[in-house]
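Data block below; observations after.
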Amino acid sequence: MAMLSFRLAKARPFLSSARRGAPAICTRATAKSGDFCQVHYTGTLDDGSVFDSSRGRDPLEFVIGAGKVIKGFDRAVTGLATGGTRKQRVEPAEAYGEADPNAIISFPVGKAPDGLKPGAKVQLSNGMVASVKSIDKEVVTLDLNHELAGKALTFDVELVRLVPSERLQRATFAAGCFWGPELAFQRVPGVLETEVGYSNGQTKNPTYEDVCGGDTGHAEVVQVLYDPDVVSYEGLLEAFWARHNPTQLNRQGNDVGTQYRSAIFTHTAEQLETALKSKAAVQAKHKDPVVTQVEPLDNYSPAEPYHQQYLARGGRFGRPQNPAKGCDDPIRCYG
């Protein structure tokens with residue numbers, strides 16, 4: 001079955017720690033839902049053992065209430081001022097829930113990759129991380145429950161940086177297969193968060209397979225959350241134009257289809273005006289017509305979890321590419 005395509009992986013209880021951008025000054029005293037924040041934390045179990053900590057690596061970055069961390073962690077950060085700390089216990093209901101016995105599955109050992117051992121973490125093709133519960137001569141048993149399911153968690157958190165929601169803005173671009181453009185935008189200082197998805201088609205909440213069929217009208221896009229005090233919309237447009245060939249109609253390189261079209265999907269009237277002016281300036285530098293669509297964002301939905309930050313996580317060949325701000329390493333489009 002398709003979901004049993006997997007590779008060895010390291011389980012993490014949150015998002016991977018993101019790279020630091022340029023510092024910014026918060027104009028509101030305390031954190032609330034919708035704010036972007038950087039947080040250092042240490043998580044412990046009831047027996048006092050540490051299950052994870054961001055200390056010693058980059059802070060965890062996320063938007064409060066956006067569903068990228070567990071609810072209890074959102075609550076632990078809410079109300080803190082920059083530099084503030086809190087110790088909070090989170091019950092399973094606001095963490096990873098109770099362990100589900102139906103989330104333990106078995107399959108023939110012949111379908112397992114070489115080197116698989118009990119206790120190993122594997123990443124399934126749908127992006128889930130599972131633990132190898134047991135292996136015998138005939139069967140491999142996986143536990144799809146999160147390793148912390150059924151456990152209460154205690155967090156010591158420190159709010160390192162806060163960007164209030166009133167200052168945050170979003171921009172959406174289509175420049176061929178969304179993996180490469182996402183990594184390019186991850187590297188732009190001032191870009192706080194990236195998400196790949198599907199936009200400006202007819203079908204509601206399409207799957208990757210739907211979009212690849214070419215019948216939904218969607219484009220593969222990367223949507224960025226950014227701090228305009230650090231990077232302007234014009235700066236994002238420069239990164240967009242530099243990433244692809246805007247004179248190729250419904251294709252980029254060997255990727256062919258309307259889902260790979262060049263497009264700027266705007267969120268405001270100001271973005272629309274700026275994007276049209278930028279397109280005109282780019283056209284003046286090209287002999288061939290610039291075919292980039294410029295139109296308001298419509299019917300956007302995020303792509304499946306396994307597509308998110310795909311190249312930074314290793315791509316199809318398991319070789320992570322550097323998402324650090326300012327990095328100019330060549331981008332390997334498929335990993």
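The values are calculated or read from the model by the stated rules, or taken from the named source; none is laboratory data. Worth saying up front: this structure is predicted, and the values here are computed from it rather than measured. So basically every Cβ, Gly included, is an ideal-geometry build from the backbone, and we count neighbours across all protein chains shown. Please note that ligands, DNA and RNA were not included when accessible areas were found on the heavy atoms of the full protein model with its side chains. Shrake-Rupley method; radii C 1.70, N 1.55, O 1.52, S 1.80 Å.
Figures for the structure shown
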| read-out | value |
| --- | --- |
| Set LYS111/LYS133; LYS68/LYS121; LYS68/LYS279; LYS151/LYS204 screened for pairs whose C-alpha atoms are more than 27 Å apart | LYS68/LYS279; LYS151/LYS204 |
| Net +/- balance of residues flanking VAL132 in space, Cβ distance below 9 Å, scoring K and R +1, D and E -1 | +2 |
| The stretch 48-95 - accessible surface per residue (Å², probe 1.4 Å) | 47 Å² |
| Per-residue [θ]222 nm for the chain (sum of -39500 (n - 2.57) over DSSP H runs n ≥ 4, rounded to 500) | -4000 deg cm²/dmol |
| Within the accessible area of the stretch 39-99 (1.4 Å probe), percent carbon and sulfur | 50 percent |
| Per-residue ³J(HN,Hα) for the stretch 234-243, Karplus 6.51 cos²θ - 1.76 cosθ + 1.60, θ = phi - 60°, Hz, x for Gly and Pro | 4, x, 5, 4, 4, 5, 5, 5, 6, 7 |
| Shape of the stretch 250-302, Cα gyration tensor, a/c cut at 1.5 | oblate |
| Trypsin sites (Lys or Arg not before Pro), loop per DSSP, at most 12 other Cβ atoms within 10 Å - longest free stretch of the chain | 205-284 |
| Whole-Å semi-axes of the stretch 210-251's equivalent ellipsoid (Cα gyration tensor) | 26, 15, 6 |
| Amide H partners (placed H, <5 Å) of THR247, local residues excluded | VAL291 |
| Global form of the stretch 141-298, assessed from the alpha-carbon gyration tensor, a/c cut-off 1.5 | oblate |
| Protein accessible area in the stretch 114-213, 1.4 Å probe - carbon and sulfur % | 47 percent |
| Relative contact order, percent, the stretch 44-130 [alpha-carbon distance under 8 Å, six or more residues apart] | 14 percent |
| Gyration tensor (alpha-carbon) shape descriptor, the chain, a/c threshold 1.5 | oblate |
| Rounded to whole Hz, the Karplus (6.51, -1.76, 1.60) HN-Hα couplings of the stretch 92-100, x for glycine and proline | x, 4, 10, 10, 10, x, 7, 5, 9 |
| Karplus-derived 3J(HN,Hα), 6.51/-1.76/1.60, for each residue of the stretch 289-294, Hz, glycine and proline x | x, 7, 9, 4, 6, 10 |
